[in-house]
Every structure is written in C-alpha cells, then in structure tokens.
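Just so it is clear, none of the values below were taken in a lab; they were calculated from the coordinates. If you're wondering where the values come from, they're calculated on a predicted model, not measured in any experiment. Note that we place each Cβ from the backbone using ideal geometry, even for glycine, and neighbour counts take in every protein chain shown.
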Amino acid sequence: MTEHETLAQLVAIDSVSSRSNAGIINYLERRCESTGLRVKRLPYMDANGVEKINLIALSGAEFSEKTAVELALVGHTDTVPYDPNWHEALQLTEREGKLFGRGACDTKAFIAASLTAIANIKLEDLHRPLALIFTADEEIGLIGAKRLAEARAMQSRYAIVGEPTSLRPMRAGKGYCLADIIIKGREAHSAYPALGSSAVFGAARLIAALENISGQLEAEQHPAFDPAYTTLNVGLLHGGTAKNVIAGECRFTLEWRPIPGQDPRRLLDLLDQAIDEEKRRDPDFVCEVDASRADEGFETSLSSILVTMLEELTGNEPGTVAFGTEAAQMTELGAEAVVLGPGDIRVAHRTGEFVPAAELTACVKILQQAIQRLCA
Ligand SMILES: [Zn+2]
C-alpha cells in the first residue's frame, strides 16, 4: 500500500480529540502487527470519561519494565475539530499536488510515512530496536505523551516527533504554560469608592507589573529562537458586573512560552513577588493563582548525530519551533529529540489543511534512511 493510500485511510477515520481514538488505534495496531511489530495498548480514561489509547509498536525488543529502543517515531492520533461543511475533511482529496483533509498535515501524513517506511524495510536486518509511538490527546495539552512520560513507559535514545515542519529538522522548542489569576475585591455603589475595593483596579496594577516582568524576561536570551526570549500574553480578561458597581471580582488568563533551560515556574515566582508587593501596598488585595500548565521546552544539541543526520538527509538546516510538541516528553524518556514532518504548521488546524504530496513521499525516504542508519 502506498503512503498516499495509507493517508487516505487514516484521514477517513474521524479522530477529533473529543472522541475516543480507539478506531484509529485499531487500524494502526493491525498495520503494525502485519509488518511484524509487537504492539502494546496503554489505555486511559480522559477527563470526560472517554477511553483514550496510546499505542507502542516495537521491532527488535520485548515489552518489559526496561524496554529501551534506539529510535522512536512519534505521531499523535488526534486532530483538532473540523467544520461540518468542509466536505473533504474525512475524504482525502488531491488537487495540484496537495492532499487535503483534516489531519492530512497534522499529523497523519507523518504517521502514513512511518508505516510505509517500516513496510519497506527488512526489520530482521535491524540490530537495534525501533519503536513507533502513537499518542492520544496531543491537541488538548500533550496529555497522552505526558502519561507515557509519567509511567516511564519506555526509554529511547533518539526520537523523531512528527509535527509539520516542511521536513526541516527542529531541534528545540519552547514550553507552554497557562494560569488563571483571580483578583477578589469588595462590591459597593460606585458613588462611594471608599466603601468597596475594586478588583479591576487591582488586576490592572498586577497586569502592569506583568508587563515589567515581560521586559525583565527579554534579558534572558536564547539566540536559537525568534523571539529569543520567554514571551507572555494576557489573552482574556473579565471583571465586574455593572457600570455603577465597584467590581468584586476580576480574572484574567496568563499564557507564557518559556525558552528551554528556563524553569517554566520562573514566571510564577516573579508573579508571586509582584502579588506580595501589591499586598504590602494594599492589605485588602486578594489574589489566587490557578496554574494549570507548566510544560517545559526541549533542546537537542546541534552536534547530536540525530540533528546532523537529519540535516544531511533533508538538505534543510536545523531550526527551532515556538509551539509546544511531544518532544519534551520524549526528552523525559531519555531521548535526543527532533521535530520533523511533512506539511506546514501554518496550514494545520484550518479548513483546507493539506500536505504537499511530494513532501509526504520524501518523508518516507527520510524515515527509511534514518531507521537504517540508526538501527541497522
Ligand atoms: Zn500536531
């Protein structure tokens, strides 16, 4: 079966993150078993009680407490939702050398390329073990990969994480962190400010402090990135109930993307200092911080043989990504990791997502050569 046909079959299986991914996992399990790989399902229940499954397929190794492989190819099985009016969403359609469909680019093209690569290789000629890892719930917070990392499900020396990079090897990525900040005030008639305490004014002072912190973080530079520092954003803010009521509550969402090597909690420490300062200024200032994500970035050295090999095989210079990927969890599992896949992240997640057919085919060759060089 060609990579094109495999991609069409993968796209036809609806695997939006809110649904169970059992359908696509069943398909991948059959395909891996028919190539002679050993497979193991690692199921869990998501926050809504829906069954999700991570799948590991091994060549040249057994499942045990200490499963260790030379190379892991990692692809997530879930996709973002699609507009029901997009008729090609589940029906791969080719036009002008582009293959359209939900997940065609992110990340089913990489999965199709991986399956084709292992089918083209004589697995019995490999002397070092290889793994294919298919994860759940990447699009809603890398949840499947985090479970694998927490469970220490296996070890890998090298990992290629298949996100769309137009086949450029990306050797480092920023982390992703999120917190809700809730400021409590005291409601009163707005004609009598002394009777209340405005949560909106409190939030405004804290946000001004965050703008200063943002400037402070700019001084800690990682030249491989653009922008070269940890960025932060207050993307949502809501406070108060009416124009003539002193606001009793104001909340905002703080997002930040830490450069690798910097503790993702560093911003929370700086925020705590700003809150303490505000409390000294105003003893009535009440503020809760609900940090829901603190995902670290990752970095693999420019001199790693995985990086130099993929630079040679693709003809593309190594780079970095500003979005979160499962490479961080693969790093936790011991791997030197690189993010690489066909398609462009800028067309992912939108109606009309596509992967260039030529990149899909080129990816098969790159993965085949990578497996042969690292595992043979
Ligand atoms: Zn993705």
Query raised in the report: How are the Cα pair distances of region 1-59 distributed, in percent, across 10 Å bins from 0?
Result: 22, 47, 28, 3
Query raised in the report: If you plug each phi of region 159-168 into the Karplus form 6.51 cos²θ - 1.76 cosθ + 1.60 with θ = phi - 60°, what whole-Hz ³J(HN,Hα) values come out, in order, with x for Gly and Pro?
Result: 9, 10, 9, x, 9, x, 10, 6, 6, 9
Query raised in the report: Two-decimal Rg/Rh of region 128-256 from alpha-carbon positions, Kirkwood Rh?
Result: 1.17
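By per-residue mean of other Cβ atoms within 10 Å, what is the highest-first order of 167-174, 58-65, 72-79, 3-10? Before the final figure, lay out the partial values.
Values: 167-174: 25.6, 58-65: 14.4, 72-79: 27.8, 3-10: 20.6.
Result, highest mean first: 72-79, 167-174, 3-10, 58-65.
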Report task. List every residue whose amide H lies under 5 Å from the amide H of Val16, counting only residues 5 or more places away in sequence or on a different chain, with H placed 1.01 Å from N in the peptide plane. Result -> Thr79
Requested in this report: Step through the residues of region 131-140 one at a time and calculate ³J(HN,Hα) from phi using the Karplus curve (6.51 cos²θ - 1.76 cosθ + 1.60, θ = phi - 60°), rounding each to whole Hz and writing x for Gly and Pro.
Outcome: 10, 10, 10, 10, 10, 10, 6, 5, 5, 10
Report task. Quick one: which residues, 5 or more positions from Glu70 or on another chain, have an amide H under 5 Å from its amide H? H modelled 1.01 Å from N in the peptide plane, none for Pro or chain starts. Result -> Leu130, Arg157
**Report entry** Shape call, region 1-116: gyration tensor on alpha carbons, a/c limit 1.5
**Finding:** oblate
Query - Listed residues Gly36, Gly162, Gly239, most fluctuating in the chain (Gaussian network, C-alpha, under 10 Å) - result: Gly239
Query - Local electrostatic count, Arg147, Cβ distance below 14 Å [Lys/Arg +1, Asp/Glu -1] - result: -4
Report summary line: Check: C-alpha center region 322-346 vs C-alpha center region 53-110, spacing in Å is 14 Å
**Report entry** Relative packing of 40-50, 213-223, which averages over residues the other C-beta atoms within 10 Å, highest first
**Finding:** 213-223, 40-50
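Can you list, largest first and rounded to whole Å, the semi-axes you get for the chain by taking the square root of 5 times each eigenvalue of its Cα gyration tensor? Show your work: numbers first, answer last.
On the way: eigenvalues 378, 101, 72 Å².
After diagonalising the Cα gyration tensor, the semi-axes are 43, 22, 19 Å.
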**Report entry** Inter-label distance, nm, simple model (7 Å from Cα along the C-beta direction), Asp282/Ser64
**Finding:** 6.2 nm
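Is the C-alpha gyration tensor of region 211-335 telling us rounded, prolate or oblate? Criteria: a/c under 1.5 is rounded; beyond that, a/b larger than b/c is prolate, otherwise oblate. Before the final figure, lay out the partial values.
Numbers: a/c = 2.93, a/b = 2.65, b/c = 1.11.
Prolate shape, in that a/c is at least 1.5 and a/b is the bigger ratio.
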Report summary line: Cα extents of region 68-158 along the principal axes, largest first, in whole Å, come to 46, 33, 14
Report summary line: Applied in sequence order to region 230-236, the curve 6.51 cos²θ - 1.76 cosθ + 1.60 (Karplus, θ = phi - 60°) yields integer Hz couplings, x standing for Gly and Pro, of 5, 9, 9, 8, 9, x, 9
Report summary line: tail above 20 Å in the computed P(r) of region 216-273, as % of all Cα-Cα pairs, reads 42 percent
**Report entry** Highest-first arrangement of 198-207, 287-296, where packing means the average Cβ count within 10 Å
**Finding:** 198-207, 287-296
Report task. Return the long-range amide H neighbours of Ala247 (sequence gap of 5 or more, or a different chain), with a cut-off of under 5 Å between placed amide H atoms. Result -> Ala199, Val200
Report task. Average the reciprocal distances over every distinct pair of alpha-carbons in region 123-196, invert the result, and give the Kirkwood radius in Å. Result -> 17.7 Å
Query raised in the report: Put a dot 7 Å past each Cα toward the Cβ at Met45 and Leu237; how far apart are the dots in nm?
Result: 4.1 nm
